[in-house]
Amino acid sequence: MEIVPVRYDHPDAVTLDALVQQEYVRRYGEGDITPLDAAMFVPPRGAYLLAYDGGRPLATGGWRVQEDAAEGYAPGDAEIKRMFVVDRARGRGLARRILAALETDARAAGRTRMVLETGTEQPEALALYASCGYRMVPKAEKFGLFRAYEDSRCMTKDLTTAC
């Protein structure tokens, strides 16, 4: 198993992104409408990772700088995007490994807080993030495109303290 940085528009990233969109449709009835492009994940303002096993892409995740106060973000924020593990590879700790690598990378880039948005229909994601030290933010402090959605859950983690 290896985790490697790739561009968000890498063919394997595009393939896994299509799968995660199908997952969103299955769980929420629609895909994620967040506008994303490859430039958002270029170091030092972001990173995009793929986990491979035997040359097959199994998991993905990225972070990007996100500091728009109008959207509820703060200076130093790094936002997690497109965390996903294919069905056949779930339960092997891949999401946890990618998340740890993203946190390390964002911290090295000078980011001070990791933020993410997930939803109530993703209980395994909520459990993963909570077990990795993320805390749910109150409704009044929610951020991002989906902050007004009832099924949206925003979580944060301080990156300035040692893990």
*Around residue 7, which amide H atoms from residues at least 5 apart in sequence, or from another chain, sit under 5 Å from its own amide H, with H modelled in the peptide plane?*
none
*Counting only complete DSSP H runs, which helices of the chain cover 15 Å or more along their long axis at the Cα atoms and score a mean Kyte-Doolittle of -0.5 or above?*
11-28, 94-108
*Neighbour-count ranking [beta-carbon atoms within 10 angstrom, fewest first] of 80, 3, 33*: 33, 3, 80
_Just want the answer: with Cβ charges of +1 for Lys and Arg and -1 for Asp and Glu, which residue in 131, 60, 49 is farthest toward the dipole's positive end in the chain?_
131
*Residues with beta-carbon under 15 Å from that of residue 5, excluding residue 5: net charge, scoring Lys, Arg +1 and Asp, Glu -1?*
+1
*Taking square-rooted eigenvalues a ≥ b ≥ c of the alpha carbon gyration tensor, is the chain rounded, prolate or oblate, where a/c under 1.5 means rounded and, failing that, a/b exceeding b/c means prolate?*
rounded
*Determine the dipole magnitude for the range 1-132: charges of +1 sit on the beta-carbon of Lys and Arg, -1 on that of Asp and Glu, nothing else is charged, the reference point is the Cα centre, and the result goes in debye to the nearest 20.*
480
*Where in the range 78-163 are there GluC sites (Glu not before Pro) that are in a DSSP coil and have at most 10 other Cβ atoms within 10 angstrom of their Cβ?*
150
*For the chain, what relative contact order do you get, as a whole percent, if you take Cα pairs closer than 8 Å and at least 6 residues apart?*
19
*Around residue 19: net Lys/Arg minus Asp/Glu count, Cβ-Cβ under 15 Å*: +2
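Quick note: the coordinates plus some simple rules give every number you see, no bench work behind them. These numbers come from a predicted model, not from an experiment. Reconstructed Cβ throughout: ideal geometry from the backbone, glycine too, with neighbour counts over all protein chains shown.
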